[in-house]
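Okay, structure first, notes after.
The values are calculated or read from the model by the stated rules, or taken from the named source; none is laboratory data. For clarity, every value in this text was computed on a predicted model and none was experimentally measured. Counting neighbours? That spans all protein chains shown, and the Cβs are built from the backbone with ideal geometry, glycine included.
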Amino acid sequence: MIGIYAFAIFWIALAVGILLFSLLKDRSPRTGPTRPATRKRMLIGFGVVYVAIGLVVPAFSIADSQNADVVRGEGIKLTANEKKGQALFGQLCGSCHQLASANANGRVGPSLDMQLMPQPAADAAAAAKNYKGRSDYVYTVIINGLQRGNGNMPALVTQGQQAKDIAAFVAATAGYANP
């Protein structure tokens, strides 16, 4: 998310800078490049800089949002299966559901952060039971689908180990922020 803001701020600042430079620049006819070769080199240089920045900044933003071992901001260490589930969630579920830990902002299905928010547990056994309940619920919905409200989740979006990995990831991270 920070990459998106940095990208927008950079281009806005560049546009304002160019505007101010052109407005405040001395308008005498002898300043600036007057030869066509100099103008051509300058245009090519600006084009290369624009393309390079236009590719590098989004690449960093995309790389920043890729899978990580730890859900940032919460310190949740993901297992190997949960990491696989994170990638699968992004491919199969993120276009419909909201889940902050996966940077998913879908608008069709419910927010899994709200629906599956972890409940306070008195001890480690209760926390494990809560996790298992959330994981089982998500796995069941993936396999059987769900018909409720305005939308329907189809059955068998995925199955087998992939469904278990997605369920494990969602159960481990739903309700936690990922700044």
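For the stretch 104-112, the condition of being in contact with a strand residue (DSSP E or B) (Cβ under 6 Å, 6 or more places away or on another chain) and hydroxyl-bearing (Ser, Thr, Tyr) holds for at least one residue.
On inspection, Gly90 qualifies as in a helix (DSSP H, G or I) and either within 22 Å of the chain's Cα centre (by Cα) or within 27 Å of Tyr5 (Cα to Cα) (or both).
Among the residues of the stretch 104-147, those that are surrounded by fewer than 15 Cβ atoms within 10 Å (Cβ to Cβ) and assigned to a loop (DSSP other than H, G, I, E, B) comprise Arg107, Val108, Met117, Gln119, Pro120, Ala121, Ala122, Asp123, Gly145. For first residues located in the stretch 109-123 and of a type in the set (Phe, Trp, Tyr), partners that are at pLDDT 85 or above and not in a loop (DSSP other than H, G, I, E, B) and lie 6+ apart or on another chain with Cβ distances below 6 Å do not occur. Could you list, in sequence order, all residues of the stretch 148-159 that are surrounded by 11 or more Cβ atoms within 10 Å (Cβ to Cβ) and assigned to a strand (DSSP E or B)? Those that are surrounded by 11 or more Cβ atoms within 10 Å (Cβ to Cβ) and assigned to a strand (DSSP E or B): Gly151, Asn152, Met153.
The rows are residues; the columns are (1) within 21 Å of Lys164 (Cβ to Cβ); (2) among the aromatic types (Phe, Trp, Tyr).
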| residue | (1), (2) |
| --- | --- |
| Cys93 | yes, no |
| Val108 | no, no |
| Ser111 | no, no |
| Tyr131 | yes, yes |
